[in-house]
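The structure appears below as C-alpha cells.
Derivation of every value follows stated rules applied to the coordinates shown; laboratory data play no part. What you are looking at is a predicted structure, and each value in this text was computed from that prediction instead of being measured. Virtual Cβ from ideal backbone geometry, glycine too; neighbours counted across all protein chains shown.
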Amino acid sequence: MLPIDIHTLAQQVVLAFTQTHRKLVLAESCTGGLIASALTDVPGASDVLERGFVTYSNEAKVEVLGVMPEMINRFGAVSKQVAEEMAQGALAFSHADVAVSVTGIAGPGGGSEKKPVGLVFFGLATRQGTIMHYKCQFSGNREEIRMQAVAEALKMVLPAA
C-alpha cells in the first residue's frame, strides 16, 4: 500500500479554504476526530475549520446533527443516506460554507456480508445547495482504514473550497 501524506492534503485544504475565505465543518464518526486533528496540525487552520462534530454513536448522530432516526433504522448508520444527513446537519448547526461527513466500519469487527469492514461513506454539503455522497471500500487494519478515510475526506473537500 502506498503511504498517504495526510499532512500534505491537510495543508492543501487549509490553503484552498484560506484563499477562498470559506469555512469548513466536519461530522466524523469512524474517524473519531482524526480529520480535525489533521487540519489543526496545519498553521492557519483556525481561519478555515469552523467546528467539528464527533458523532460516533447513532444517538449522537440524531441528537447533535439531526439525522432522522428512520434513516438509521432503514439504511443503517453506515449508508449514503446517513452520510448525506450528517453533512447537512453539520452545515445547519454551524456557520461554515462546506460540510464533510464520514461514517464507516473500521473493524476489526462490526462488518457483515452486505457491509464489510472497510466500507466508508462520505457526505458533502455546501451552502450553495450541493449535497453528495461518496462510497469507498478500504482494506487493511483499523488504523489503516481510518487513515485512508481521513485522506479521502480531505481529497473530497478540496474541490469545494
- Query: Has the stretch 110-126 got any residue that is more than 21 Å from Leu9 (Cα to Cα), surrounded by 15 or more Cβ atoms within 10 Å (Cβ to Cβ), touching a Phe, Trp or Tyr at 6+ places or on another chain (Cβ under 6 Å) and aliphatic (A, V, I, L, M)?
  - Reply: no
- Item | Hits in the stretch 55-76 - residues which are more than 13 Å from the chain's Cα centre (by Cα) and either in contact (Cβ under 8 Å) with a residue 40 or more places away in the chain or in a loop (DSSP other than H, G, I, E, B) (or both) | Ser57, Gly66, Val67, Met68, Gly76
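Looking at the stretch 128-161, which of the residues that are touching a Phe, Trp or Tyr at 6+ places or on another chain (Cβ under 8 Å) and farther than 20 Å from Val25 by Cβ is surrounded by the most Cβ atoms within 10 Å (Cβ to Cβ)?
Ile145
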- Item | One residue from Thr130, Thr103 being polar (S, T, N, Q) and touching a residue at least 60 places away in the same chain (Cβ under 8 Å) | Thr103
- Please specify each residue of the stretch 125-146 satisfying the condition of being assigned to a strand (DSSP E or B) and not aliphatic (A, V, I, L, M). Thr126, His133, Tyr134, Lys135, Cys136, Gln137
- Tally, over the stretch 13-32, of residues that are crowded, with 23+ Cβ neighbours inside 10 Å and free of Cβ contacts under 8 Å to residues at least 24 places away in the same chain: 0
